[in-house]
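**Q** Take this structure, written in structure tokens, and hold onto it; I'll ask about it next.
The values are calculated or read from the model by the stated rules, or taken from the named source; none is laboratory data. Please read all numbers here as calculations on a predicted model, not as lab measurements. Glycine also receives a Cβ, built like all others from the backbone with ideal geometry; neighbour counts cover every protein chain displayed. Surface areas here come from the heavy atoms of the whole protein model, side chains and all, with no ligands, DNA or RNA. Shrake-Rupley method; radii C 1.70, N 1.55, O 1.52, S 1.80 Å.
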Amino acid sequence: MTGMRGKKNSQIQISVKKKTADSRNSVKINERKIAKMKNEIKQYYDKNGYLSWSARKKKYIILGTNSPVNGLVECPQCRIGKLMVIRSRTTKKRFIGCSNYYNGCRASSPLIQRGMLCTTKILCKFCSWPIVLFRYSRKQKWTRQCANIKCKTREIKS
């Protein structure tokens, strides 16, 4: 019995070795790929970030940064994070908030809940928040306004 186990283990080890030596499963790294990866990392790297491989996205992701990829503009309050559209987990409502929230920045502003919303990276001239475009139905034209609810440009004109 012990002799058979020894044969099976040796056969398994041989097949594993052959599989790893197969050229289809190996990645050939050249200087071009390394330079491309370095540029990608430099683009999003922050002094607080660290690198991690994402199996779902099949690329390296920098975690622990205050400047996310989907950020709109620099936060006007803390100047560290970026303002981005966030959907609340509990209430399912959307709002614009700072990515530096967990480090103390409380910059946020509600957005319309019903209707189509399009965010831009254009800054408001008065408060430096992003401009958003919205409409409630397809028949309506797109309306442009500042995302900050306390902005002077959003005051009702009478």
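**Q** Along the Cα→Cβ direction, 7 angstrom out, place labels at Arg79 and Arg144. What is the inter-label distance in nm?
**A** According to this spin-label approximation, the distance is 2.8 nm.
**Q** R0 = 35 Å: FRET efficiency of Leu123 with Ala35, Cβ-based, nearest 0.05?
**A** The value I calculate is 0.60.
**Q** For Lys28 and Arg56 in one chain, what is 0.36 nm times their gap in residues minus the Cα-Cα distance, to one decimal in nm?
**A** 8.0 nm
**Q** Could you check the simple spin-label distance between Ile86 and Ser137, using points 7 Å along Cα→Cβ, in nm with one decimal?
**A** 3.4 nm
**Q** Sorted by accessible area (1.4 Å probe), largest first, how do Phe126, Phe95, Phe134 line up?
**A** Phe126, Phe95, Phe134
**Q** Any idea of Thr153's accessible area? Nearest 10 Å², probe 1.4 Å.
**A** 60 Å²
**Q** Please report, to two decimal places, log10 I(q)/I(0) for region 70-118 at q = 0.15, 0.18, 0.25, 0.33 Å⁻¹ as given by the Debye formula with identical point scatterers on the Cα atoms and no solvent.
**A** -0.38, -0.54, -0.92, -1.25
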